[in-house]
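Rule-based calculations on the coordinates, nothing more; no lab input. Quantities reported herein were computed from a predicted structural model and do not represent experimental measurements. No Cβ is skipped: glycine too gets one built from the backbone with ideal geometry, and neighbour counts run over all protein chains shown.
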Amino acid sequence: MDSLQVLVVDDEPLARARMRTLLADCRSPTVMVGAEAGNAIEAMEALRRGSFDAVLLDVHMPGADGLAFAQALRGMPREPAVVFVTAHAEHAVAAFELEAIDYLTKPVRLERLQAALQKVERVLSARNGNATAQPETLVIQDRGRTERVPLSEVLYFKAELKYITVRTAARSYILDASLSDLEDRHGAQFLRIHRNALVARRAVRALEKHDDPEEGEGWAVRLNGIEELLAVSRRQLTAVREALTR
């Protein structure tokens, strides 16, 4: 898929303009904004005129709200993927019951938007029976370059100051993201071992006693591919032990 054709639906012109700016900065995947709409009626008319891969959809709009509009999309011959973009987090459960691909809260960060669009890309590839769909990746801005890092190569995420350190066997990267967001998106592959760290489940080699200069005597995990030990909090110790036995 060369690029995603996207319909932006939001009743606030400034919100649509900001979304256009964010989408223009997306590099993985690339995006074409095919149309904008300020309400459900305009959005449905845009869908009648053209074909879209995804709809970035606000929840609260005059007339039919975003949830009602998403319901109306279900069963369309070429149903677009829906990503909700809203300032209101309380509708997330209803959104996912409508099989939304993702649910973003404003103000939307570029990295979070790109992650949602990558989900859209994977879902569309699966719908089309595309066996050569791209593996899941992180998009990292690093010293003037944009790099795709396969999630399968990541050994851990560690929160440090305002950023996340992303560690592979080869090197470290800095990611502007939230550890809780990463856990929400990748919890099946990554295990919380501490308030500041997630580790790849597949990479956990051992749990061992460790004397940390800051936290004192405790436990740490050793990962395949690196010598560094990562502290395990008492709260997460049971979960780590269970993960090792699976």
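Annotations for the structure displayed:
- Counting Lys and Arg as +1 and Asp and Glu as -1 over every other residue whose Cβ lies under 13 Å from the Cβ of residue 67, the net charge comes to -4.
- Among the lysines of the chain, pairs at least eight places apart or on separate chains and with Cα atoms under 25 Å apart come to 5.
- Residue 110 paired with residue 165, simple spin-label distance in nm, labels 7 Å along Cα-to-beta-carbon: 2.4 nm
- Pairwise FRET efficiency - residue 148 versus residue 201, Cβ, R0 = 22 Å, nearest 0.05: 0.50
- Principal axis box of the stretch 4-127, alpha-carbon based, largest edge first, Å: 34, 30, 29
- Measuring max minus min along each principal axis, the C-alpha atoms of the stretch 149-245 give extents of 32, 29, 25 Å (largest first).
- Across all Cα atoms of the chain, the radius of gyration (one decimal) and Dmax (whole number) stand at 20.4, 65 Å.
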